[in-house]
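Worksheet: one structure, shown below.
The values are calculated or read from the model by the stated rules, or taken from the named source; none is laboratory data. Keep in mind it's a predicted model, so treat the numbers as computed, not measured. Counting neighbours? That spans all protein chains shown, and the Cβs are built from the backbone with ideal geometry, glycine included.
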Amino acid sequence: MDTLSTKKAAILKAIVEADVKFIRLQFSDIFGQLKNTTITRGMLEKALNNECMFDGSSIEGFVRIEESDMFLYPDLDSFRIFPFQTGEQYYSARLICDAYTSAKKPFEGDPRYILKKVLSEASDMGYTVNAGPEVEFFLFDKDADGNASLNSRDKGGYLDMSPVGLGGDCRRDICVALEQMGFEIETSHHECAPAQHEIDFKYADALKAADNIMTFKMVVKSVANRHGLHATFMPKPKYGVAGSGMHLNLSLNDKKTNKNAFYDSTDPLSLSKLAYGFIAGMVQEAPHFTAVTNPLVNSYKRLVSGFEAPVYVAWSASNRSSLIRVPFAKGEATRVELRSPDPSCNPYLAIAMAVAAGLEGIKKGLKPPKSIDKNIYDMTDAERKAAKIVSLPSDLGCAVEQLEQSPFAKSVLGDHIFTKYIEAKKHEWNDYRSRVSCWEIENYLSKY
């Protein structure tokens with residue numbers, strides 16, 4: 001029996017043994033929203049043979065109505081049984097899928113396919129890519145009608161012990177559920193803002209890491225709901241406190257030696273020439289991919305001075321105000337940390353853009369600017385100008401402009417996603433900037 005047949009047989013056996021009734025075939029739209037179609041156990045074999053179809057014209061950013069018939073190809077390694085019941089008595093499982101056209105070809109508007117293409121390029125260069133996310137989120141109370149609110153009885157700060165029965169208990173249950181789904185949790189803790197939390201899980205190959213982020217967000221929301229709480233990955237839900245980031249730790253492994261290609265013990269920072277090229281590529285392209293790593297109007301309420309979120313395009317071995325940081329860990333743990341992404345982004349596209357930028361730096365032999373080891377927020381405009389430090393886009397409109405002008409971004413995203421994404425984000429920005437806000441009413445209505 002070949003490997004594929006063995007995997008299929010193991011999945012079919014597992015759902016019978018666990019009495020799984022329903023299987024969710026999951027995929028992502030171009031904006032990072034998790035989609036799924038649910039099948040019964042009797043239809044699983046058909047799904048495993050790539051015969052399940054869906055209407056692609058009903059998914060935002062996918063295809064036109066005359067091209068609507070699409071197929072879902074499950075990734076058999078992604079099979080997991082959910083550790084919680086979906087109803088009063090039924091367990092379900094999931095398979096993460098790739099979208100294919102009616103001609104049985106990979107769909108170029110599938111974000112997972114875009115990441116696969118970038119990773120294939122890295123493989124052709126002799127490297128595999130590892131990614132480790134650090135995901136932050138808020139846990140808020142629900143109102144009397146069960147709707148999301150901004151209220152919380154949690155007044156904790158960084159690394160504080162949360163009151164029993166509120167966010168702390170929920171966060172622990174999230175960790176347990178994730179471990180039951182195969183995650184290796186490295187740490188979890190209360191973050192800086194009241195009601196804000198962070199859970200870090202072990203790095204993985206970049207495709208699995210993106211899959212894990214999608215699963216993570218689903219599990220967090222599901223467990224929070226059972227606790228009577230609302231989990232949000234909105235970047236900046238409350239004024240005056242820190243927003244939620246999704247730092248990406250990235251490294252390359254040499255396929256020939258199976259060693260970390262970013263590590264060089266002879267370098268003062270223990271970084272290889274390859275690592276410097278990777279950093280240089282990200283520094284060069286960061287303003288062009290910010291609309292992907294920070295995709296919402298609200299994302300730019302987080303990217304402001306004073307809350308440890310990066311505003312300026314710089315790198316450092318120690319400075320947390322920089323866009324790119326090199327964590328202290330060395331040897332096989334050597335990596336670079338991109339600090340700008342937030343958890344509202346599509347992880348497939350965000351990782352694809354960051355990795356592609358790094359690979360571009362390597363291919364072109366780029367060298368990064370001088371490391372900035374002082375607090376960039378405390379520097380004067382003249383000092384930043386002298387150090388040639390530029391800013392990230394200040395709002396979604398500026399970010400979309402930089403994305404649209406970038407041949408690099410278009411080459412990574414492909415014509416389909418590049419066009420659809422920009423079109424949607426321009427509409428979002430124009431809708432936002434034409435609205436009259438509560439702040440404007442409070443400050444201008446009676447005064448003028």
**Report entry** Of all residues making up the range 182-198, the number that are within 20 Å of Ile96 (Cβ to Cβ) and crowded, with 17+ Cβ neighbours inside 10 Å
**Finding:** 1
**Report entry** Pairs, first crowded, with 20+ Cβ neighbours inside 10 Å and hydroxyl-bearing (Ser, Thr, Tyr) in the range 54-83, second at pLDDT 85 or above and not in a helix (DSSP H, G or I), C-beta under 8 Å, six or more apart
**Finding:** Tyr73/Asn50; Tyr73/Cys97; Tyr73/Asp98; Tyr73/Ala99; Tyr73/Tyr100
Query raised in the report: Any chance the range 248-265 includes a residue that's touching a Pro at 6+ places or on another chain (Cβ under 9 Å) and not β-branched (Val, Ile, Thr)?
Result: yes
Requested in this report: Answer yes or no as to whether Ile324 is free of Cβ contacts under 8 Å to residues at least 60 places away in the same chain, crowded, with 24+ Cβ neighbours inside 10 Å and aliphatic (A, V, I, L, M).
Outcome: yes
Report task. Filter the helices (runs of 4 or more DSSP H) completely within the range 335-427 down to those with at least 3 residues that are among the small types (Gly, Ala, Ser) and assigned by TED's automatic domain parsing to the domain that holds Tyr312. Result -> 347-363
Query raised in the report: Here is a list of conditions, (1) within 30 Å of Pro327 (Cα to Cα); (2) among the small types (Gly, Ala, Ser); (3) touching a residue at least 40 places away in the same chain (Cβ under 8 Å), and Gly157 meets all of them except one; can you say which number that is?
Result: (3)
Report summary line: Selection from the range 64-103 of residues at pLDDT below 95, in contact with a strand residue (DSSP E or B) (Cβ under 7 Å, 6 or more places away or on another chain) and not in a strand (DSSP E or B) yields Ser68, Phe82, Gln85, Thr86, Tyr90, Thr101, Ser102
**Report entry** Close pairs (6 angstrom Cβ cut-off, 6 or more residues apart or separate chains): touching a residue at least 40 places away in the same chain (Cβ under 8 Å) in the range 424-448, not acidic (Asp, Glu) anywhere
**Finding:** Lys425/Val400; Trp429/Leu396; Trp429/Gly397; Tyr432/Val297
Requested in this report: Consider Val16 carefully, then state whether it is at pLDDT below 95, outside the structural domain of Leu207 (by TED's automatic domain parsing), aliphatic (A, V, I, L, M) and surrounded by fewer than 12 Cβ atoms within 10 Å (Cβ to Cβ).
Outcome: yes
Report task. Name the one entry in Leu296, Leu274 that is more than 23 Å from the chain's Cα centre (by Cα) and either in a helix (DSSP H, G or I) or not β-branched (Val, Ile, Thr) (or both). Result -> Leu274
Query raised in the report: Mind checking whether some residue in the range 382-391 is free of Cβ contacts under 8 Å to residues at least 24 places away in the same chain, farther than 27 Å from Phe137 by Cβ and surrounded by 12 or more Cβ atoms within 10 Å (Cβ to Cβ)?
Result: yes
Requested in this report: Please specify each residue of the range 21-43 satisfying the condition of being over 30 Å from Lys420 (Cβ atoms) and either hydroxyl-bearing (Ser, Thr, Tyr) or within 29 Å of the chain's Cα centre (by Cα) (or both).
Outcome: Phe22, Thr40
Query - The listed residue being of a type in the set (A, V, I, L, M) and surrounded by fewer than 23 Cβ atoms within 10 Å (Cβ to Cβ), out of Leu303, Leu274, Leu252, Leu248 - result: Leu274
Requested in this report: Select from the range 400-448 the residues that are closer than 20 Å to Asp29 by Cβ and in contact with a His (Cβ under 9 Å, 6 or more places away or on another chain) and list them in ascending order.
Outcome: Leu403, Ala409
Query raised in the report: Hey, any hits in the range 386-398 for a residue that's at pLDDT below 95 and either charged (D, E, K, R) or touching a Lys or Arg at 6+ places or on another chain (Cβ under 8 Å) (or both)?
Result: yes
Query raised in the report: Which of the residues that make up the range 37-61 are aliphatic (A, V, I, L, M) and under 24 Å from Leu349 (Cβ atoms)?
Result: Ile59
Report task. Select from the range 140-174 the residues that are assigned to a strand (DSSP E or B) and among the hydrophobic types (A, V, I, L, M, F, W, C) and write down the one among them that is farthest from Ser244 (Cα to Cα). Result -> Ala148
